[in-house]
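Working notes, structure below.
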Amino acid sequence: MVTTEFEADSHAGTRVARAGQIVEAVRQLFEAGVMAHSGHANLSARLDEDRFLLTPGFVRGLRPEQVAVVDREGQVLEGKLQTSAAEIVAMHGIVYRERPPVGAVIHTHSPAATAFAAAHRPLPCRTEPMLRFGQAEPVPVVPWAPRGSDAAISGITEALHSHPTTSAVLLANHGLLVFGPDPAAAALLVMAIEESAEAEIAAAALGGAVDFPDGALDAVRASIVRAAR
Ligand SMILES: [Zn+2]
């Protein structure tokens, strides 16, 4: 019995700590200016193999106790989700299923990244922060499908299979989906991707951004694969 109580306490402790990390990541994303005007985003953090924490359908003014606990089938186990948030459970859940090392997933409509998503253009890796925060390859585009539909989920699954070392995908005509070991790392990658998308668009007026030298991305990707083992 003592063990059970201890486990319950430790679950509650993990939940509170992860919810705090999500709220802090939200604060950093707003402070960095990478949110869309609407402030739309959803963030999640893995609790264990089957369950994760998910923001309830809004993030502006979010408090840790408003973060819900859901399972990968979309059942809400603790807290409440707005109807719109219920549609995105599968979008987060599929990343946790396909990528065991992932501890956090962030979806935003960051404006410059969303411009690439709207143009169906993969975002090249041509800036140092993208490399540093773990995206040493272009961010692929997942074809559009209705939000939360089976087609949308299988599109993300296919992209994760065909790009086994990508830490982000662009959702065509929609926005950005980024994943990392924890909410802080995923938030840093959202910022790096948004900066990179802005740099690509600005550099287009100067004749276009230029690739890293041959081999530069391969070296970083090899170290990412080593770190994941
Ligand atoms: Zn969205």
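Here's the picture: charge each Lys and Arg Cβ at +1 and each Asp and Glu Cβ at -1 in the chain, and of L160, P146, G93 the one pushed furthest to the positive end of that dipole is P146. Close amide-amide hydrogen proximity is noted between L171 and V142, L176, L177, each under 5 Å apart and 5 or more residues distant or on a separate chain (H modeled in the peptide plane; Pro and chain starts excluded).
Taking a ≥ b ≥ c as the square roots of the eigenvalues of the Cα gyration tensor, the range 140-205 is classed as oblate, since a/c reaches at least 1.5 and a/b does not exceed b/c. Relative to the Cα centre, the charge distribution of the chain, modelled as +1 at Lys and Arg Cβ and -1 at Asp and Glu Cβ, gives a dipole magnitude of about 180 debye. Counting only Cα atoms, the size of the chain along its three principal axes is 66, 38, 34 Å, in decreasing order. Phi angles of the range 56-67 translate, via the Karplus equation with coefficients 6.51, -1.76, 1.60 and θ = phi - 60°, into HN-Hα couplings of x, x, 8, 10, 5, x, 4, 10, x, 6, 8, 6 Hz per residue; Gly and Pro are given as x. Please give the helix 216-228 orientation as an angle from the longest Cα principal axis of the chain, in degrees from 0 to 90, rounded to the nearest 10. It is inclined by approximately 20 degrees. In plain terms, the residue of F212, F179 with the fewest other Cβ atoms within 10 Å comes first and the most crowded comes last, giving F212, F179.
None of the figures in this text is laboratory data; all of them are computed from the coordinates on show. If you're wondering where the values come from, they're calculated on a predicted model, not measured in any experiment. Don't worry about glycine lacking a Cβ; one is built from the backbone with ideal geometry, like all the others, and counts go over all protein chains shown.
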